[in-house]
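Structure record follows, encoded as structure tokens.
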Amino acid sequence: MGRGKIEIKRIENSSNRQVTYSKRKNGILKKAKEITVLCDAQVSLIIFAASGKMHDYISPSTTLIDILERYHKTSGKRLWDAKHENLNNEIERLKKENDGMQVELRHLKGDDINSLNYKELMNLEDALENGLLTIRQKQRELYRMVKRNGKILEEENRELNFILQQQQRMEGGREMDNDHFDESGRDFNSQMPFSFRVQPMQPNLHERI
């Protein structure tokens with residue numbers, strides 16, 4: 001007896017659904033590989049599981065980009081919207097602009113100038129002269145700035161030296177005042193009598209003696 005037909009509908013049991021997905025996914029990937037080898041076909045297969053996990057297969061003889069471009073040309077369907085097309089155009093424009101700037105940079109360095117005509121050489125010379133003039137102006141500005149900063153530092157140094165000298169003078173004056181005070185104290189002590197009579201604190205002390 002042959003196997004009965006299986007009704008194609010969503011499997012409600014999550015465990016059975018996961019098992020079926022794994023088996024069918026492996027089977028379709030195997031078929032994609034087989035048709036690539038047996039029939040020399042170019043196959044691109046992408047599968048997303050319900051969990052979001054991706055499984056894919058691309059024939060070794062091609063790439064996904066090539067497959068999509070061939071699909072776009074063959075079917076005539078637009079795979080990208082106008083925004084993506086504008087973005088691609090902008091990228092191409094920037095690439096061309098960058099290539100042009102690289103060529104100009106080599107010319108400014110003196111490389112690859114044999115192919116330039118007289119007018120192009122004159123324009124290159126003008127660009128170099130303008131660049132040199134700008135560099136010299138910047139050098140003068142930097143020189144003036146350094147010179148101005150040097151004068152400011154010198155002025156600040158003079159002010160600091162003046163403040164330091166004032167502090168030293170004040171400290172020297174205080175030391176002279178202290179020395180004068182010590183000498184005055186010694187003179188005062190020298191003027192005191194060498195001996196003096198001790199008076200008893202108690203009036204009857206001398207009677208006892």
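Values for this structure:
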quantity	calculated
Failed item, numbered, when residue 46 is tested on (1) surrounded by 11 or more Cβ atoms within 10 Å (Cβ to Cβ); (2) in a strand (DSSP E or B); (3) touching a His at 6+ places or on another chain (Cβ under 8 Å)	(1)
Residue check, residue 205 at pLDDT below 80, of a type in the set (A, V, I, L, M, F, W, C) and surrounded by 10 or more Cβ atoms within 10 Å (Cβ to Cβ)	yes
Enumeration of residues in the stretch 75-118 that are of a type outside the set (Asp, Glu), open to solvent by 90 Å² or more (accessible area, probe 1.4 Å) and more than 28 Å from residue 132 (Cα to Cα)	77, 78, 80, 83, 86, 87, 89, 93, 95
Residue within the stretch 5-27 that is open to solvent by 70 Å² or more (accessible area, probe 1.4 Å), touching a residue at least 12 places away in the same chain (Cβ under 8 Å) and of a type in the set (S, T, N, Q) present	no
Selection status of residue 68, farther than 30 Å from residue 19 by Cβ, assigned to a loop (DSSP other than H, G, I, E, B) and open to solvent by 50 Å² or more (accessible area, probe 1.4 Å)	no
Residue 130 vs. criteria part of a loop (DSSP other than H, G, I, E, B), farther than 26 Å from residue 46 by Cβ and open to solvent by 90 Å² or more (accessible area, probe 1.4 Å)	no
For residue 60: the one exception among (1) in contact with a Phe, Trp or Tyr (Cβ under 8 Å, 6 or more places away or on another chain); (2) open to solvent by 90 Å² or more (accessible area, probe 1.4 Å); (3) farther than 26 Å from residue 6 by Cα	(1)
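The values are calculated or read from the model by the stated rules, or taken from the named source; none is laboratory data. For clarity, every value in this text was computed on a predicted model and none was experimentally measured. Please note: Cβ atoms are built from the backbone with ideal geometry, for glycine as well, and neighbour counts cover all protein chains shown. Calculation scope for accessible area: heavy atoms of the full protein, side chains included, ligands and nucleic acids excluded. Shrake-Rupley method; radii C 1.70, N 1.55, O 1.52, S 1.80 Å.
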